[in-house]
Amino acid sequence: MILDDIVAQRRIQLKREQEKCPLSKMRRRAEIQLTERTPLSLAEALKKDTLSCICEVKKASPSKGLIREDFRPVDFAKEYEAAGANAISCLTEEHYFQGSSQFLADIRKAVSIPILRKDFIFDEYQIFEAAALGADAVLLIAAVLELPDFERLYKLAKTLGLSVLGEMHTVEEMQEYALEREGMVIGVNNRNLKTFEVSLDTVQKLKPYAPDGAVFVSESGIKTNDDMKMVRSLGADAVLIGETLMRSESITDKLKELRKDI
């Protein structure tokens, strides 16, 4: 399965990172960063009267290959913020998504809105690293983590002041993982991480299982203004959009088009 391959490759990347910077040193870097800057709340950034947008800086994906050849992550992030994005998602997985931790660190210096570290997280090292890079939030994927590991990493993130976007794809995951955890944003991935097929019907199936009051994000597959209106009508508070914006000639114009009359 694609997901298994991604996680296996991510473990290799993590080992290289730990050889360069041991956990004790990364923990210290996180502590220094957190004394200099308090992370922003992702939930508060997304709680708006209209449909909020997490705009993603994304160079490639395993299903689509290279998405943006002239990849300028900082420029794109600054344009996102200027165009009204509520938060930014930055890929840091290197092999399949051609992301980089350095992209996130550079973007942090350029924007003032929350940044989500988008990665396949399964180790506490990655949480400390996210804090050290200046991320405000981390992604925890139910399909990647056993429940005890999910809870352990969630608690560590909260201890560091980071927000958590908990990603689900099935009713079973919603029932097991989407509990009322303080400040956790619920993300429903419309893309099946095992087959990479996309269906916006996932929002309709899973929204009833979201805790009352939780910020609910629809991820993947948003291409048109009608898609935006559809997920909004189904109860989504926000969307995460990457490929559609990355493929557009004008990010600003495309985001304006997507958000029209929302």
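What list of ³J(HN,Hα) couplings, whole Hz, do you get for segment 101-114 from phi and the Karplus terms 6.51, -1.76, 1.60, once you set θ to phi - 60° and write x for glycine and proline?
Per-residue couplings from phi come out as 4, 5, 4, 5, 4, 5, 5, 4, 6, 9, 10, 10, 8, x Hz.
Which length gain, in nm to one decimal place, applies between Ser112 and Lys223 when the Cα-Cα distance is subtracted from 0.36 nm times their residue separation?
Using 0.36 nm per residue and subtracting the Cα-Cα distance, I get 37.3 nm.
Using a cut-off of 18 Å between alpha-carbon atoms, which lysines can reach Lys260, once sequence neighbours fewer than 8 places away in the same chain are excluded?
Correct list for Lys260: Lys48, Lys223, Lys229.
Taking every pair of distinct Cα atoms and averaging 1/r, then inverting, what Kirkwood hydrodynamic radius in Å comes out for the chain?
18.2 Å
Taking the Cα atoms of segment 1-110 alone, what are Rg (to one decimal) and Dmax (as a whole number) in Å?
15.9, 46
Specify, per residue and in Å³, the volume enclosed by the convex hull of the alpha carbon atoms belonging to segment 126-262.
Output value, Cα hull per residue: 122 Å³.
With +1 assigned to the C-beta of every Lys and Arg and -1 to the C-beta of every Asp and Glu, and no other charges, what is the dipole magnitude of segment 2-258 about the Cα centre in debye, to the nearest 20?
For this selection, approximately 580 debye.
Please figure out what share of the DSSP beta bridges in the chain is antiparallel and state it in percent, rounded to the nearest 5.
10 percent
Using θ = phi - 60° and the Karplus form 6.51 cos²θ - 1.76 cosθ + 1.60, what ³J(HN,Hα) does each residue of segment 159-167 get, whole Hz, x for Gly and Pro?
The phi angles translate into 4, 7, x, 8, 7, 10, 9, x, 9 Hz.
With a 10 Å radius around each residue's Cβ, average the other Cβ atoms per peptide and rank 31-38, 196-203, 120-127, 239-246, highest first.
Taking the mean over residues of other Cβ atoms within 10 Å, the ranking is 239-246, 120-127, 196-203, 31-38.
If the only charges are +1 at each Lys and Arg Cβ and -1 at each Asp and Glu Cβ, what is the size of the charge dipole of segment 124-184 around the Cα centre, to the nearest 20 debye?
240 debye
How high is the relative contact order of the chain, in percent, with contacts defined as C-alpha pairs under 8 Å that are six or more residues apart?
For the chain, the relative contact order is 21 percent.
Just so you know, all these numbers are worked out from the coordinates, no wet-lab data involved. Bear in mind that the values here come from a model prediction, so they are computed numbers and not experimental data. Glycine also receives a Cβ, built like all others from the backbone with ideal geometry; neighbour counts cover every protein chain displayed.
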